[in-house]
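Here is the structure we will look at.
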Amino acid sequence: MAQKIPLLYENVFGRKRSLALTKDAQLDITISMAAGKAAIVDAYAVDLAGTKISKAAPGSKLKIVVSIRNDGDPDYFWYTVKDKDTATIVDQPIGVPWLKSGEVLVRTGLEQTMPNRNWNLLVEAGHGTA
């Protein structure tokens with residue numbers, strides 16, 4: 001008895017047949033973007049010996065200490081210290097590290113010179129990179 005060879009589309013017409021794609025199911029997923037949330041814990045001035053101060057003589061040297069906490073997801077953080085009267089940035093550190101949730105960073109800024117007036121400063125903190 002002779003072996004039966006099936007007639008295939010490819011054998012008869014010499015080209016491959018493609019099957020139509022049929023969608024049988026689908027599933028939507030959403031991946032939320034992780035984001036930190038900066039909270040300012042404390043900000044104050046210290047003299048060059050590291051003693052916390054609330055008054056300084058004009059021309060004296062001091063530093064601003066800023067503490068920020070991450071109340072969100074692990075992220076990169078930043079802060080700036082601005083003179084509210086002149087809109088001048090007094091301190092803006094580069095490279096504030098990633099903080100885990102709940103972690104606190106305490107950073108002492110650059111040496112500053114007390115101006116010849118009351119110094120009204122604004123501390124701002126945030127998260128993310130540019």
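The values are calculated or read from the model by the stated rules, or taken from the named source; none is laboratory data. Only a predicted model underlies this, so the values are computations on that prediction, with no experimental measurement involved. Please note: Cβ atoms are built from the backbone with ideal geometry, for glycine as well, and neighbour counts cover all protein chains shown.
Ala49 satisfies every condition listed in (1) loosely packed, with under 10 Cβ neighbours inside 10 Å; (2) at pLDDT below 95; (3) not polar (S, T, N, Q) except (2). The single condition among (1) in contact with a Leu (Cβ under 9 Å, 6 or more places away or on another chain); (2) more than 30 Å from Ala34 (Cα to Cα); (3) of a type in the set (Asp, Glu) that Asp85 does not meet is (1). Here Pro93 clears all of (1) surrounded by 12 or more Cβ atoms within 10 Å (Cβ to Cβ); (2) touching a residue at least 24 places away in the same chain (Cβ under 8 Å); (3) under 22 Å from Val46 (Cα atoms) except the condition numbered (2).
Among the candidates Thr80, Thr129, Thr108, single out the residue that is assigned to a loop (DSSP other than H, G, I, E, B) and among the β-branched types (Val, Ile, Thr). Walk me through how you get there before you give the answer.
Numbers: Thr80 fails: assigned to a loop (DSSP other than H, G, I, E, B); Thr108 fails: assigned to a loop (DSSP other than H, G, I, E, B).
Within the list Thr80, Thr129, Thr108, the selection yields Thr129.
Put simply, of Gly102, Gly59 the only residue that is at pLDDT 90 or above, loosely packed, with under 13 Cβ neighbours inside 10 Å and farther than 26 Å from Thr129 by Cβ is Gly59.
Residues in region 71-86: is at least one among the basic types (Lys, Arg), more than 15 Å from Glu124 (Cα to Cα), more than 18 Å from the chain's Cα centre (by Cα) and surrounded by 16 or more Cβ atoms within 10 Å (Cβ to Cβ)? Within region 71-86 (the criterion being among the basic types (Lys, Arg), more than 15 Å from Glu124 (Cα to Cα), more than 18 Å from the chain's Cα centre (by Cα) and surrounded by 16 or more Cβ atoms within 10 Å (Cβ to Cβ)), the answer is no, since none of the residues qualifies.
With respect to being surrounded by 15 or more Cβ atoms within 10 Å (Cβ to Cβ), of a type in the set (D, E, K, R) and modelled with pLDDT under 95, Asp24 falls outside the description.
Filtered by the rule that a residue be farther than 22 Å from Pro115 by Cα, without any contact (Cβ under 8 Å) to a residue 24 or more places away in the chain and either of a type in the set (S, T, N, Q) or assigned to a strand (DSSP E or B) (or both), region 24-77 gives Gln26, Thr30, Ser32.
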